[in-house]
Amino acid sequence: MAGVMFSFLNFSALVDLNIGISDRLDENRSESFTVLFCDFSNIEQTLIDANLPSLLRTSDSIVCYEQYYFFVMPYTDRYGTGIVKRMIEELFATPIPSAAVCYPSNGENSSELFESLYQEAKKVHHINLGFLLKNEG
């Protein structure tokens, strides 16, 4: 098990790709994939690098922006995302501020998904992910 790392500059395109794959496969599900945001501000980078990839599937993608990590998880709904979040918190033995959005229930394109994620992180954790709104391609 290991997630694949992508540049933040390609985040919007990565989400668009997952939307395209979901649409092409004609997935008629309310949650075809999920984007999970985690704030690893209080976790040492060496611990992140050594442990995080072991939690993810090869189909999952990782995007990092400073201390913020985003996981694009195909075929994962909110329930599955909750399990991944608990595994992350158990791995690092600390609560991790996080937020998640699902396609298409929280947005039908990358811009809408990023806006939903921005709003959720701001509302729940008072974290400003405004840089996501500038990443739109």
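Any read-out appearing in this document is the output of simple, stated calculations on the displayed coordinates, not a laboratory observation. These figures come from a predicted structure and were not determined experimentally. Glycine gets a Cβ as well: all are built from the backbone with ideal geometry, and neighbour counts include every protein chain shown.
Observations on the model:
- Adding -39500 (n - 2.57) for every DSSP H run of four residues or longer, then dividing by how many residues the chain holds, sets the calculated 222 nm ellipticity at -12500 deg cm²/dmol.
- Hull-based mean projected area of the range 1-103, where the convex hull spans the alpha carbons, in square nanometres: 6.0
- When you filter the GluC sites (Glu not before Pro) in the range 11-72 for DSSP loop state and at most 14 other Cβ atoms inside 10 Å of their Cβ, you are left with 44, 66.
- Angle between the chain longest axis and helix 11-24 axis [Cα atoms, degrees, rounded to 10]: 50
- Cβ-placed point charges (K, R +1; D, E -1), dipole of the chain about Cα centre in debye, nearest 20: 180
- Qualifying lysines (Cα of each under 22 Å from Cα of residue 85; at least 8 residues distant if same chain): 122, 123
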